[in-house]
1. Filter region B:270-305 down to residues that are farther than 23 Å from B:Leu145 by Cβ and modelled with pLDDT under 85 and give me whichever is surrounded by the fewest Cβ atoms within 10 Å (Cβ to Cβ).
2. Counting just the residues of region B:180-212 that are crowded, with 20+ Cβ neighbours inside 10 Å and among the charged types (D, E, K, R), which one comes out farthest from the other protein chains (Cβ to nearest Cβ)?
3. Considering only region B:276-360, give the helices (runs of 4 or more DSSP H) lying wholly within it that have at least 1 residues that are in contact with a Phe, Trp or Tyr (Cβ under 9 Å, 6 or more places away or on another chain) and among the charged types (D, E, K, R).
4. Check whether at least one residue in region B:102-109 is more than 7 Å from chain A (Cβ to nearest Cβ), surrounded by 17 or more Cβ atoms within 10 Å (Cβ to Cβ) and in a helix (DSSP H, G or I), and report yes or no.
5. Could you check, for region B:155-168, whether at least one of its residues is within 9 Å of chain A (Cβ to nearest Cβ), assigned to a loop (DSSP other than H, G, I, E, B), more than 15 Å from the chain's Cα centre (by Cα) and surrounded by 16 or more Cβ atoms within 10 Å (Cβ to Cβ)?
6. What are the pairs, 6+ residues apart or on separate chains, where a residue within region B:110-133 that is within 14 Å of chain A (Cβ to nearest Cβ) and more than 24 Å from B:Met330 (Cβ to Cβ) has its Cβ under 8 Å from a residue that is of a type in the set (A, V, I, L, M) and surrounded by fewer than 16 Cβ atoms within 10 Å (Cβ to Cβ)?
7. With A:Ala271, A:Ala293 as the choices, which residue is in a helix (DSSP H, G or I) and more than 14 Å from chain B (Cβ to nearest Cβ)?
8. Among (1) farther than 18 Å from A:Met177 by Cβ; (2) assigned to a helix (DSSP H, G or I), where does A:Pro109 come up short?
Amino acid sequence: MSAVIDDHGHAGHDHHHGPAKGLSRWLLTTNHKDIGSMYLWFSFCAFLLGGSMAMVIRAELFQPGLQIVQPEFFNQMTTMHGLIMVFGAVMPAFVGLANWMIPLMIGAPDMALPRMNNFSFWLLPAAFGLLVSTLFMEGGGPNFGWTFYAPLSTTYAPESVTFFIFAIHLMGISSIMGAINVIATILNLRAPGMTLMKMPLFVWTWLITAFLLIAVMPVLAGVVTMMLMDIHFGTSFFSAAGGGDPVLFQHVFWFFGHPEVYIMILPAFGAVSSIIPAFSRKPLFGYTSMVYATGAIAFLSFIVWAHHMFTVGIPLTGELFFMYATMLIAVPTGVKVFNWVSTMWRGSLTFEAPMLFAVAFVILFTIGGFSGLMLAIAPADFQYHDTYFVVAHFHYVLVPGAIFGIFASAYYWLPKWTGHMYDETLAKLHFWMSFIGMNLAFFPMHFVGLAGMPRRIPDYNMMFANFNMVSSVGAFMFGATQLLFLFIVIKCIRGGEPAPAKPWDGAEGLEWSVPSPAPYHTFQTPPDMSDVHEHRKGTGGELTP
Amino acid sequence: MSRHPCIWMGLGLSAIFGQAQAAWDVNMRSGATDVSRSVFDLHMTIFWICVVIGVLVFGVMIWSMVAHRRSKRQHSAHFHENTRVEVLWTVIPLLILVGMAIPATRTLIHIYDSSESDVDVQITGYQWKWHYKYLGEDVEFFSNLTTPREQINNQAPKGENYLLEVDEPLVIPAGAKVRFLITAADVIHSWWVPDLAVKKDAIPGFINESWTRVEEPGIYRGQCTELCGKDHGFMPVVVEVKSAEDYAAWLGEKKAEAAKVAELTSKDWTLAELTERGEKIYQTSCASCHQVGGEGIPPMFPALKGSAIATGDIEAHINIVVNGKPGTAMAAFGKQLSEVDLAAVITYERNAWGNETGEMVTPKDVLDFKQAEEATQ
């Protein structure tokens with residue numbers, strides 16, 4: 001299969017132009033690689049901003065007593081940290097990866113809707129500018145937690161809540177457009193012969209993620225609109241005094257919120273499913289079951305929302321239904337983990353940075369899965385709910401899950417993006433510092449949670465002091481290490497050993513058939529995939545023996 | 001003689017170790033009730049199941065990471081499917097889950113049975129304190145944090161029950177089934193005592209039910225577990241379980257106290273007496289927002305020092321304290337405080353921090369205000 005760009009027969013399209021010069025290149029670009037890079041840089045900035053808020057939180061919790069900030073500012077920090085990490089760091093990072101990699105993986109010249117692609121990116125800086133500006137407004141920014149339960153976020157909210165609502169609307173529009181673009185690209189622009197079951201898993205998981213986004217972002221928009229009506233137009237959706245229902249808010253929010261957590265993890269599943277086979281030099285085990293498991297997880301994500309609400313007083317039968325449904329998620333998730341482990345089994349393994357992050361992903365995400373299973377057990381959840389045990393749980397699925405997945409992807413594809421190899425020694429240092437820091441920060445949170453420490457409190461009894469100090473030290477270590485990542489990426493962009501088209505000998509897929517760095521325009525003539533057999537699923541490109 | 005230092009050292013070490021152990025707690029406590037013990041057992045069962053699965057899965061992974069490195073194996077195998085194995089690892093976890101669900105369901109059904117209670121207590125969450133009302137007993141009171149500000153601001157050493165101590169704990173009898181009817185007056189709170197394994201959200205406009213039966217007298221501490229605003233971290237729950245006789249005696253005392261407060265309303269008060277009482281009320285009910293010095297935290301919590309309300313029209317001042325200010329964090333204290341305490345705190349606010357109005361609001365003024373309001377409705 002040829003990687004050479006074929007110009008013949010495309011007389012009308014043979015004027016290959018490079019990127020425009022200056023600022024307008026970035027403002028007006030419709031190129032999936034430029035937009036992907038902008039998404040990734042934006043996400044990294046948000047990651048540092050949200051991370052510095054986490055540093056404020058951990059500094060205040062370093063010792064009992066109030067030292068650094070007052071409770072009202074502490075609440076703004078926990079809220080903004082959550083919002084920025086979810087909507088600013090993790091989601092845009094995956095959209096960035098999708099922009100860069102999906103066209104390269106399916107042999108498409110660009111995303112299907114390039115102008116909308118530009119618009120959905122540029123909405124984000126506007127949305128986050130608005131959101132962050134609330135911190136400087138009279139009365140402060142959002143202080144009601146990233147889950148913004150009413151009536152704390154309506155009747156009792158600071159005035160800036162209206163800006164928060166508008167920012168959420170903008171982010172939602174951006175996500176929906178991004179999702180439409182991903183679906184349109186995958187369903188319409190696959191290279192000839194690239195059947196659905198030949199797609200790399202990253203493409204599959206993103207396709208399913210995009211459907212989740214389209215299904216739930218309007219629900220989020222709906223719930224914030226109801227808040228807006230309650231605050232400014234005298235309705236009482238969530239006010240019991242006016243005949244409304246504060247619990248309704250939680251049902252609607254979590255109907256969005258639970259699929260949302262899978263939106264943040266499924267693309268990472270996909271990326272890891274490319275990386276583990278590459279460094280095990282062995283095809284992915286159980287490709288078909290991986291696809292079905294992803295679909296099953298996506299389906300289940302819609303019928304488990306009330307497990308976030310076991311203590312609100314839902315009836316016994318409701319409680320049982322949501323407990324059983326939640327436990328079921330362990331089955332498809334287990335299938336995925338077993339498949340990754342089997343992929344490694346009897347492979348020929350090496351541990352470059354992408355593999356290190358991917359292996360840590362599998363182990364630590366599984367630990368987060370175990371605590372998730374424990375949380376599913378409703379009677380036990382009465383003890384865990386809203387304690388640091390929950391904080392430990394979701395940081396175990398999101399930090400080594402989503403974020404390690406993003407780091408693994410970044411190191412895996414950096415040679416393709418920049419044309420240079422990154423500094424492997426520094427990358428390994430980045431991995432080990434992140435790994436140790438992250439475990440030091442989040443593992444002790446299980447202990448203080450079980451010992452009885454509620455989440456979202458700025459001060460605590462001395463019985464929680466020791467482990468909180470350990471957590472803070474780990475968090476500072478993890479936070480500082482991310483500056484090293486920035487350095488590694490800049491170093492890799494500026495120079496380094498030139499990367500071949502396929503820098504990883506075990507890697508498979510169409511993205512490795514184009515030169516490194518990937519030219520500004522790729523696959524203007526689609527590659528022909530009909531010769532690749534379906535039983536070598538998810539492989540694409542030439543096959544290593 | 002020579003053995004004394006050893007003995008003292010031993011005692012000292014065990015004291016340090018004992019304390020250190022509490023501070024390094026890694027697990028849930030089994031608690032003080034049947035329910036909390038069955039929840040604990042459930043927790044441990046699932047924990048060990050997870051540990052076994054974890055050891056197996058991570059064991060296989062680590063084995064491949066050690067034994068199947070490229071330095072040991074130049075060529076990888078190429079298998080990538082095995083239907084039998086894939087069916088097995090779908091079905092076996094399903095069976096394990098069923099095994100977990102059975103005891104969980106049994107415990108949950110037990111927890112949900114709040115019928116046939118001996119004592120009923122209505123618990124209401126306020127920003128940021130709990131209110132307890134004994135149904136049918138005419139006894140009700142607020143439970144406020146008593147940890148001094150100096151300890152929170154690191155100006156004094158912290159006590160053992162730092163942030164977990166209140167002026168009036170919820171008192172319940174040992175051995176009796178106590179039913180809790182849980183609600184809230186403003187935002188959502190959550191009432192949690194780990195040793196009782198009771199955690200239930202307090203939601204405005206809803207009444208949630210829960211119950212406990214504690215065998216042994218003792219003091220059990222917990223906290224609010226739903227983010228409820230600024231002082232969410234500062235509204236502890238303390239439950240004191242007394243023997244049946246002690247509980248009866250306590251209940252009698254509380255009833256007598258309530259009668260005494262009614263008497264106080266008709267007493268002739270002096271300005272000094274009212275401001276003295278008012279200062280205490282101010283500290284527990286007002287200072288967390290309006291601050292000890294009356295300077296507030298503008299714009300969310302306006303200053304009272306030199307404010308138009310605290311130095312202007314008396315009726316407007318009584319009105320805002322009694323009815324609150326809708327749409328803001330200013331609660332309606334009319335039902336939270338007695339007429340005496342309302343009068344005292346208003347008088348205090350009109351005479352503290354240089355608000356030298358010299359004006360006095362008596363309990364009777366407040367009562368008149370409330371009655372006039374009721375008449376117009």
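1. The residue in question is B:Pro298.
2. This residue is B:Asp195.
3. Working: elements: B:287-290, B:308-311, B:314-323, B:339-351.
Once the helices (runs of 4 or more DSSP H) in region B:276-360 are filtered for at least 1 residues that are in contact with a Phe, Trp or Tyr (Cβ under 9 Å, 6 or more places away or on another chain) and among the charged types (D, E, K, R), what remains is B:314-323, B:339-351.
4. Checked region B:102-109: no residue is more than 7 Å from chain A (Cβ to nearest Cβ), surrounded by 17 or more Cβ atoms within 10 Å (Cβ to Cβ) and in a helix (DSSP H, G or I).
5. yes
6. Between residues of region B:110-133 that are within 14 Å of chain A (Cβ to nearest Cβ) and more than 24 Å from B:Met330 (Cβ to Cβ) and residues that are of a type in the set (A, V, I, L, M) and surrounded by fewer than 16 Cβ atoms within 10 Å (Cβ to Cβ), the close pairs are B:Tyr112/A:Leu316.
7. Numbers: A:Ala293 fails: more than 14 Å from chain B (Cβ to nearest Cβ).
Among A:Ala271, A:Ala293, only A:Ala271 is in a helix (DSSP H, G or I) and more than 14 Å from chain B (Cβ to nearest Cβ).
8. Against the list (1) farther than 18 Å from A:Met177 by Cβ; (2) assigned to a helix (DSSP H, G or I), A:Pro109 comes up short only on (2).
The values are calculated or read from the model by the stated rules, or taken from the named source; none is laboratory data. Everything numeric in this text was worked out from a predicted model, so none of it was measured. No Cβ is skipped: glycine too gets one built from the backbone with ideal geometry, and neighbour counts run over all protein chains shown.
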